[in-house]
Amino acid sequence: MWAYFCLLAFLLIFLVEIVFFFVIPRVFREKALDTVEDVGKSVCAEIESKPPLDLDRIVYHYSSSDVKVYLLGFDGTIFASADERLAVPEEIWDEVRNRLIDAKNGQSVSGVGGAVNYAQRTDFAGGSIVYVKYNAGFMISAVRELVLYMTLIGFIILLLALAISYNFSQKLTRGLKETAETAERLGKGDYSVNFTNADYREMAKLSDTLNYVRDEVKKSEDFQRELLANVTHDLKTPLTMIKAYASMIMEISGDNKEKREKHLQVIIDESDRLTGLVNDVLNVSKLSSNITEINAKVFNLTEHIYGIINKFGYLQETQGYNFMLDIENGKYTRADPEKISQVIYNLLGNAANYTGEDKTVYISLKESLDGKRIKFSVRDTGKGIKEEDLPEIWNRYYRIKENHTRPVKSTGLGLNIVKAILEAHAFDFGVESKEGQGSTFWVDFPNADKT
Ligand code: ADP
């Protein structure tokens, strides 16, 4: 990285130096050539158009400290000169004369001999030359000095750039290296790592993101470990029961019809529990891999809900549960009926599991005032859910341990399935709960025309 910075700094300085060495002197020279050409043309015009001539006046008028004007004959006669001490160098004069001697009046040459000059043939005295030269001495020394300063400044800037870029690249690569090493440790399963690099805003953001990733990975791993423990535990209980009751039938109740049926019922119930558990796990993996599609159609939600409540009938008959219903008739919605069954089944199951001593669950289905929605809600009278747990209960594998009032099938998957299904439908849903006052889970279904 430092090498790149060095190269960049070097290239920049190199470009600036080139500008100073070549471009600026060239620009200066061209400007000066323009000036002498303008002066030369004006002098010629004046000599040719305004008799009587005052040659000295013309020559001095157009000369300045930098520009000198001469009027010379081809034989070397000086008709007028702005500065007699500054004669035209011989080799330049020879070339100018040779190039203009056979030329027509008005023809000109410039920049002869590499100097900044301009010469134009005029008809004065039967043919002579107006010669204008630019005293480039000052310009050359100024440019030289500028180039020298620039080189010096360039050198200092180069050194500074190298020092700064060395520092910068060291800091940046050190940060990146540290982050990469920490990420590698995280990859190997060390969740105690902490990404602390915050030298730059981008690095700080990267560190934050990586810390977030670490937390999420850890959470997911903890959840999975817990799920495995739960699932194996939950599988073990019904299996033990099934085995125990099967043995009992074989050894004790074989001929006693009443006992045998009771024991067989336990085996059936426990098998159902097992099926439910396995289905939950399967559903979650299906949902998370997006295999589940929503096949929406219009159906009678009222009847649908009654159908599911009936499945819980055994709780009312055998265990003293009360399902208090406030359900409006003939309500239709548009959704995937099977998925909605899962939602309602899970919510009712939870309410039954977590409701209070009175074993009462309130179920309602009501059209909203504007008639656009139908609100389904399930209320229980249990312990409720702590405020800090409320957002968590929808997460996969999340279980509030002390909440389990009955020996229930519990994987922490139910509400996650509910959430995934309702989000896939884009339905509003939620929970209201206060500790000690029970919970109300609700879903807003769109009200559909039954046709
Ligand atoms: P579980 O299989 O554990 O019931 P869920 O995803 O259905 O899994 O629920 C997650 C957690 O939310 C439960 O473990 C429970 O602690 C809490 N919970 C769900 N429904 C209720 C309810 N009606 N009353 C109190 N707590 C509830």
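Residues in segment 311-358 that are charged (D, E, K, R) and free of Cβ contacts under 8 Å to residues at least 60 places away in the same chain: K311, E317, D326, E328, E338, E357, D358. For segment 429-440, the set of residues classified as within 11 Å of the ligand (Cβ to nearest atom) and open to solvent by less than 20 Å² (accessible area, probe 1.4 Å) consists of G438, S439, listed by residue number. Taking the criterion of being under 16 Å from F168 (Cα atoms) and part of a loop (DSSP other than H, G, I, E, B), the residues of segment 191-210 that qualify are N197, A198, D199, Y200. The residue that is nearest to the ligand (Cβ to nearest atom), counting only those in segment 319-340 that are assigned to a loop (DSSP other than H, G, I, E, B) and over 43 Å from the mean Cα position of the chain (by Cα), is Y321. Counting only residues that are assigned to a strand (DSSP E or B) and within 8 Å of the ligand (Cβ to nearest atom), segment 344-398 holds 2 of them.
Of all residue pairs spaced 6 or more apart or on separate chains, those with beta-carbon atoms under 8 Å, a first member in segment 381-396 that is on the phi > 0 side of the Ramachandran plot and a second member that is at pLDDT 85 or above and within 8 Å of the ligand (Cβ to nearest atom) are G384/S433; G384/G438; G384/S439.
Restricting A163, A229, A180 to those that are within 30 Å of N350 (Cβ to Cβ) and exposed (fewer than 14 other Cβ atoms within 10 Å of the Cβ) reduces the list to A229.
Evaluate the following for V343: is it β-branched (V, I, T), under 43 Å from the mean Cα position of the chain (by Cα) and surrounded by fewer than 18 Cβ atoms within 10 Å (Cβ to Cβ)? No. The number of residues in segment 88-140 being within 13 Å of V67 (Cα to Cα), open to solvent by 40 Å² or more (accessible area, probe 1.4 Å) and aliphatic (A, V, I, L, M) comes to 0. In the set I13, I24, I47, I58, only one residue is within 60 Å of the chain's Cα centre (by Cα) and buried (at least 17 other Cβ atoms within 10 Å of the Cβ); that residue is I13. Figure legend. Inter-residue proximity from segment 420-440: first residues assigned to a helix (DSSP H, G or I), second residues small (G, A, S), beta-carbon distance below 6 Å, spacing 6+ or different chains. Indicated pairs: H425/A335. Across segment 188-205, the qualifying residues are those that are out of contact with any helix residue (DSSP H, G or I) (no Cβ under 6 Å at 6 or more places or on another chain) and open to solvent by less than 70 Å² (accessible area, probe 1.4 Å), and the one among them that is modelled with the lowest pLDDT is Y200. In segment 210-226, of all residues being among the hydrophobic types (A, V, I, L, M, F, W, C) and closer than 19 Å to E184 by Cα, the one that is surrounded by the most Cβ atoms within 10 Å (Cβ to Cβ) corresponds to L210. Restricting the first member to segment 210-229 and to residues that are within 17 Å of G412 (Cβ to Cβ), and the second to residues that are in a helix (DSSP H, G or I), the beta-carbon pairs closer than 9 Å and six or more apart or on different chains are L227/V281.
The values are calculated or read from the model by the stated rules, or taken from the named source; none is laboratory data. Bear in mind that the values here come from a model prediction, so they are computed numbers and not experimental data. No Cβ is skipped: glycine too gets one built from the backbone with ideal geometry, and neighbour counts run over all protein chains shown. With ligands, DNA and RNA removed, areas are computed over all heavy atoms of the protein, side chains included. Shrake-Rupley method; radii C 1.70, N 1.55, O 1.52, S 1.80 Å.
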